[in-house]
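The values are calculated or read from the model by the stated rules, or taken from the named source; none is laboratory data. None of the values given here were measured: they were computed from a predicted structure. Every residue, glycine as well, gets a Cβ built from its backbone with ideal geometry; the counts of neighbours run over all protein chains shown. What goes into the accessible areas is simple: the full protein's heavy atoms, side chains included, and nothing from ligands, DNA or RNA. Shrake-Rupley method; radii C 1.70, N 1.55, O 1.52, S 1.80 Å.
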Amino acid sequence: MSTQGSKTSGSPPEALRYPQELEAALEAALIFAALGPAQGSDEELLARHRLEAEDDGLALLRRYGLEVEGPEGISAKEAEEMLELPYFGPGNLVELTVDVARLPHLLVRLADPEARVLARAAAVAGVDEAELRTVLRRSGLDLEARTLKRHPWTRMPIARDRSWTSVKVVETVKDPRLQLSLREARLLDPSLTVGAEVEMPNTGEALSDVLEALPPQALRPRFYRPALEVERFEALRRIVPEVPTPEPLKGLDLGPLHALYPQGYGVLYADVPGEKAERLWRTLDAQASRTGYRPVLLGGNERELREAHLAWWEEQANRPKLPQPDNHIGLPMWDDPVEDPPSNVALAERVDVEALIAKARAAPRSDMGEDEAQGVRTSLGAVVEPLSRKPYERVRLALVPTDAAWKTVAFLPVLLQAGESTPSLVKVTAMARRWEERYGARVASVTPGTVEWVVDRLPKDRDAALALAYEHLALVPSNVGTAEQEAAALLESTTWHLWWD
């Protein structure tokens, strides 16, 4: 095996250059290690994946061809609706992120005899596995000794002013990004036990010498790379095709229907003309007991509507893990889990609403001036542009398979996309139940941070309106006028508009 490059005393080592076959084998080994278990032949996996340098780490990318048939391609409609791609033309390539390669997982898979990463990489590149191990050792990574730059893998120095990785050893892995099984952990260090925390420097810093031995262009950007990750893209592409119109919804002039979520839950949606949206909502609301679907208008801009498809995914993944402060104004979202819709409904039915209102009213808030009052409302804001007050060209109409309008909130985590001031789905669902039973208030629209209701029965007098106003203000941390101002509006408003800033 021949190498090029030299070292001089007192100066940093230059990158060693190896024959192309060995460089290719090293790149393949890192790709296989970043991928983990995957379907397809090794040759197919390498043809579709590569690594790219990213913020002191490695991003694993998957390549797709535009307007190419099959799972390795992206249709023009998928590119436009999900990736916001400019039109590149058939055959052009796009790369999406599979994951960011984390050092503990890379080392585990490189060292795992069952994964056979080095043997597979050597076979694909046509080199000897022993030569590939030698390349790794010369680059500071010794798989037999479990050392990197002469430091044991679980005791490497970490620069705390830079990013690093922490994983926990557990009996059952629930989050593969943050956890290792005991078997995996003992490939790093045989002394590790369940409950141990393993900290390592970031991948790019730790493997710098290994990465220097890759082909010169290996880690550089090559093709257009949208922000959407592979896992989410593959989920979203399942909802692009139209779905058959359920028999009870036929003849209602809804147009093409699609599934709202990759997870299912039975929620459908149609994009309808904005000028007809409120009228269509009222028609569907009147026929909900017959159709089995409750209509809800989904406002928001194009980006927010795209993100609504992944709202369950994002809320479950990003839910705060640490205890939150007690002095939050209103009803904070982190008190309740983000589960599936039936679980949210069941939790809402067990909420002590009176205690909820009392707790929220006791929280500090400051009333704003008279010019902040909402005023009387008689139409839905979700169908019109905020400034011009003209109808949107198209409005998204969700069709939720449930038997009561109040339950629809439990299906729509798009509400939570406004930020941490929004109450939990469980709390808003519980309050919506109370108001539907008392006032015939049906949920009509849900957008990030906003819910609108259409109301059948107005408060009977000022005292009833004032009591309802206090309930609204207890639920809403955004300060929008005094209870008296709110009560005056509620005596005449046939739509309610609650928002969280």
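Data for the structure
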item	result
Anisotropy class of the range 205-286 from Cα gyration tensor, a/c 1.5 cut	prolate
Mean separation of Cα contacts under 8 Å, 6 or more apart, over the residue count of the chain: relative contact order %	13
Helical mean residue ellipticity (222 nm; -39500 (n - 2.57) per DSSP H run of 4+; nearest 500) of the chain	-9500 deg cm²/dmol
Total formal charge among the other residues, if their Cβ is under 9 angstrom from that of residue 125, Lys/Arg +1 and Asp/Glu -1	-3
Gain upon complete extension [residue 349, residue 463; 0.36 nm per residue less C-alpha separation]	38.4 nm
Low-density loop positions, GluC sites (Glu not before Pro), the range 45-117 - DSSP coil, at most 10 other Cβ in 10 Å	69, 114
Amide H within-cut-off set for residue 299, under 5 Å, with H built and near neighbours excluded	446, 447
The range 376-501: C-alpha gyration tensor shape, a/c 1.5 cut-off, then a/b vs b/c	rounded
Heavy atoms of residue 49: accessible area, 1.4 Å probe, square angstrom to 10	10
Cα gyration tensor category, rounded, prolate or oblate, for the range 96-194 with a/c compared to 1.5	prolate
Where the range 146-263 is the region considered: accessible area per residue in Å², 1.4 Å probe	55
